[in-house]
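First up is the structure itself, then whatever we jot down about it.
Bear in mind these aren't lab numbers, they're just calculated from the coordinates by the rules spelled out. Note that the structure is predicted; figures quoted are calculated from it, not measured. Note that each Cβ is placed from the backbone with ideal geometry, even for glycine, and that neighbours are counted across all protein chains shown.
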Amino acid sequence: MSPVPEGFGPLSRTSPLTELLGPIYQKVDSSGLVIGLFAEEKHCNARGLVHGGVLGTLADIAMGYSAAFSTEPPTPMVTTSQTIDYVGKAEKGDWLEVHTDVQKVGRSAAFANCYFHVGSTRIARASAVFSVVAS
């Protein structure tokens, strides 16, 4: 496996699901949170491509963390709706990056987008709505 790209470190928050999927990496750049992952066999379907459900899960993690931690203190929220469009593919061994864009975090809802890249190729985009929950 190739080395993790410069600037990435372990994902700062973990859960049983992220432990199962991982290792997952993160960095923060001028546009916000970027999530990274090396595609392994465990992420692939029978055709040897990264399963769409894995991309959907990474999208939810990236957008949820980005939206929640875009405020101080972080805003607690849960996913209400998510859509994803697949326009390319990722294969075992590929380095996937998920770039996030938080549109708005309000009192009752938050909105975010993310874009998946393998190298310079965009392979998917997703958007989500989150409900802000009482802390």
On a 0 to 90 degree scale, rounded to 10, what angle separates helix 52-68 from the longest Cα axis of the chain? 30 degrees
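Tell me what the chain gives for mean residue ellipticity at 222 nm when only DSSP H runs of n ≥ 4 count, each as -39,500 (n - 2.57), the sum divided by the residue total, rounded to 500 deg cm²/dmol. Numbers along the way, then the final one.
Values: 2 runs with 23 residues, N = 135.
Rounded to the nearest 500, the figure is -5000 deg cm²/dmol.
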From the Cα trace of the chain, what convex hull volume per residue do you get, rounded to a whole Å³? 109 Å³
Placing unit charges on C-beta atoms (Lys and Arg positive, Asp and Glu negative, everything else neutral), compute the dipole magnitude of the chain about its Cα centre in debye, rounded to 20. 260 debye
Could you work out the Kirkwood radius for region 82-133, taking every pair of different alpha carbons, averaging 1/r and inverting it, reported in Å? 12.0 Å
